Amino acid sequence: MELDLVVRNANLPNGQKGVDIGVADGRIAANGPNLDGQGATEIDATGMLVAPPFVDAHFHMDATLSLGRPRLNQSGTLLEGIALWGELKPIQTHDEIIERALRYCDLAVSQGVLAIRSHVDICDDSLLGVEALLDVKKKISDYIDLQLVAFPQDGFYRSPTAEQNLIRALDMGVDVVGGIPHFERTMADGAKSVRALCEIAEKRGLHVDMHCDESDDPMSRHIETLARETQRLGLQGRVAGSHLTSMHSMDNYYVSKLLPLIEEAGVAAIANPLINMVIQGRHDTYPKRRGMTRVPEMRQAGIAVAFGADCVMDPWYPLGQADMLEVAHMGLHVAQLTSRDEIDWCFGAVTETPARILGIEGYGLEVGCNADMVVLQASDTIEAIRIKAARLFVIRRGKVIASQPRQITKLSLDGRPDSIDAADYAPTEGA
Ligand code: FE2
């Protein structure tokens, strides 16, 4: 078999070791020990974890890297963030949004993030952000699968033109229907918006991903409506509820009834641990709620749960670096998912699970999948999260699109010497 690239002797996320991954024509052509790779480029991944790429299921690319413009968020609350974003929208330009988004995409690629679902605000009538991110989506398609969600930041009903703007955005090519029911003026308006948005998705054959119950209000009930509407309209497997932070504060009896409904409806959950930790619980004194949704309980209930980055250096979050291992690291701390099995599951929450939620085709390391993968300087998924492992090689459709030298400061559990020269890990042509 003619191969273009062989990644040798890899450890896989499922625990297999010593696996050669052979690539031809941008796809994984073979997978096993001792592949004959004559003439192919070789990457020696001995003892290294080779994983399919990271997937960020929840992001805001129209706002990223805008930190400080026009000013900083002083209170740290969601509401000041929304107000600040409202000040930035009228003064930013198409080119500025594109420049920031492309800079972020460069960073994401270097971190091995090759699929992103980004919400894009549709509440300004010019749809500047939509136009800009549709351009970005085209420009980066060789590197990143970018899905866009039509997001009515100021409220589908609360903002007078959001309804028509959302339809315009979908007509322009935005992929997914978004929402923000907890930001509508009343609980009834929120529920009505969930119904209307799900009907739009059903008519157009689209996915739904709503910011849902992103508050500390124990009585917020929009995820219940979202799950029920998913069942009513036959949208199972196409709907995600993002944030779901109110679930942290809900009554336990109510949650015991709610989780089976979400599972039966095939609705996925996307938690955003970095952001949830800094935004939620801001009205509390002590004890202060953590404000992340009930991840272990949803996992136990059989609900697909992914972790997203949400924000990097924008009106809501002053830090971040497109590092999904950092996101998983925070997620496992907040949710107290510290057994070996649970930490490994957290790795899946930034790779396979969001890939499934987003419906990314050809994702994985099996024969026939797209040859997209990341060679990590770690021996397994747990070590990768622990040390936020260096991405030695990021590979897209069989080509190395980013690489970095092996880090010498991060010690491995297995005591493997860290004295190997980075040059040993450079790909060798025609070996
Ligand atoms: Fe968000």
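Select from the range 14-39 the residues that are within 22 Å of TYR143 (Cβ to Cβ) and in a loop (DSSP other than H, G, I, E, B) and list them in ascending order. The answer is ASP25, GLY26. All but one of (1) modelled with pLDDT under 95; (2) open to solvent by 50 Å² or more (accessible area, probe 1.4 Å) hold for ARG158, so report the exception by its number. Here ARG158 meets the rest and fails (1). Among all residues of the range 274-283, there is at least one that is open to solvent by 10 Å² or more (accessible area, probe 1.4 Å), within 17 Å of the chain's Cα centre (by Cα) and at pLDDT 95 or above. The residues listed here are ARG340, ARG294, ARG290; of these, the one that is closer than 23 Å to SER75 by Cα and in the same structural domain as VAL177 (by TED's automatic domain parsing) is ARG290.
Of the residues making up the range 127-157, just one is over 23 Å from GLY241 (Cβ atoms), among the hydroxyl-bearing types (Ser, Thr, Tyr) and touching a helix residue (DSSP H, G or I) at 6+ places or on another chain (Cβ under 9 Å), namely TYR143.
Got a number for residues in the range 40-51 being open to solvent by 10 Å² or more (accessible area, probe 1.4 Å) and either assigned to a loop (DSSP other than H, G, I, E, B) or in contact with a helix residue (DSSP H, G or I) (Cβ under 9 Å, 6 or more places away or on another chain) (or both)?
Within the range 40-51, residues that are open to solvent by 10 Å² or more (accessible area, probe 1.4 Å) and either assigned to a loop (DSSP other than H, G, I, E, B) or in contact with a helix residue (DSSP H, G or I) (Cβ under 9 Å, 6 or more places away or on another chain) (or both) number 3.
Filtering the range 258-303 to residues that are within 16 Å of the ligand (Cβ to nearest atom) and touching a Leu at 6+ places or on another chain (Cβ under 6 Å) leaves ALA269, ILE279, THR293.
Of all the criteria given as (1) assigned to a loop (DSSP other than H, G, I, E, B); (2) open to solvent by 10 Å² or more (accessible area, probe 1.4 Å); (3) away from the ligand (no atom under 16 Å from the Cβ), the one not satisfied by ARG228 is (1).
To keep it simple, each residue is scored yes or no on (1) surrounded by fewer than 16 Cβ atoms within 10 Å (Cβ to Cβ); (2) under 18 Å from VAL312 (Cβ atoms); (3) within 25 Å of the chain's Cα centre (by Cα); (4) within 16 Å of the ligand (Cβ to nearest atom).
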| residue | (1), (2), (3), (4) |
| --- | --- |
| LEU65 | no, yes, yes, yes |
| ASN73 | no, yes, yes, yes |
| GLU99 | yes, yes, yes, no |
| TYR104 | no, yes, yes, yes |
| ALA115 | no, yes, yes, no |
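On the stretch given as the range 331-388, residues that are assigned to a helix (DSSP H, G or I) and among the small types (Gly, Ala, Ser) total 4.
Going through the range 195-225 one residue at a time, which ones are in contact with a His (Cβ under 8 Å, 6 or more places away or on another chain) and either under 21 Å from VAL305 (Cα atoms) or open to solvent by 30 Å² or more (accessible area, probe 1.4 Å) (or both)?
Taking the range 195-225 as the starting set, the residues that turn out to be in contact with a His (Cβ under 8 Å, 6 or more places away or on another chain) are 201, 209-217, 220, 222.
Within the range 195-225, ASP209, MET210, HIS211, CYS212, ASP213, GLU214, SER215, ASP216, ASP217, SER220, HIS222 meet the criteria.
Restricted to the range 304-330, and to residues there that are more than 16 Å from the ligand (Cβ to nearest atom) and part of a helix (DSSP H, G or I), the residue that is farthest from GLY291 (Cα to Cα) is LEU325. For ASN73, the conditions (1) under 15 Å from LYS139 (Cα atoms); (2) in contact (Cβ under 8 Å) with a residue 40 or more places away in the chain all hold with the exception of (1). Could you list, in sequence order, the residues of the range 238-259 that are in a loop (DSSP other than H, G, I, E, B) and out of contact with any helix residue (DSSP H, G or I) (no Cβ under 9 Å at 6 or more places or on another chain)? Hits for the range 238-259 are SER249, ASP251. Take the range 203-225 and flag every residue that is assigned to a helix (DSSP H, G or I) and within 16 Å of the ligand (Cβ to nearest atom). Within the range 203-225, HIS222, ILE223 qualify. Figure legend. Inter-residue proximity from the range 119-131: first residues closer than 19 Å to ALA57 by Cβ, second residues acidic (Asp, Glu) and outside any loop (DSSP other than H, G, I, E, B), beta-carbon distance below 8 Å, spacing 6+ or different chains. Indicated pairs: HIS119/ASP209.
The values are calculated or read from the model by the stated rules, or taken from the named source; none is laboratory data. None of these values were measured; they are calculated from a predicted model. Positions of Cβ are generated from backbone atoms using ideal geometry, with glycine treated the same way; all protein chains shown enter the neighbour counts. Remember, those area values only see protein heavy atoms, side chains included, never the ligands or the DNA or RNA. Shrake-Rupley method; radii C 1.70, N 1.55, O 1.52, S 1.80 Å.
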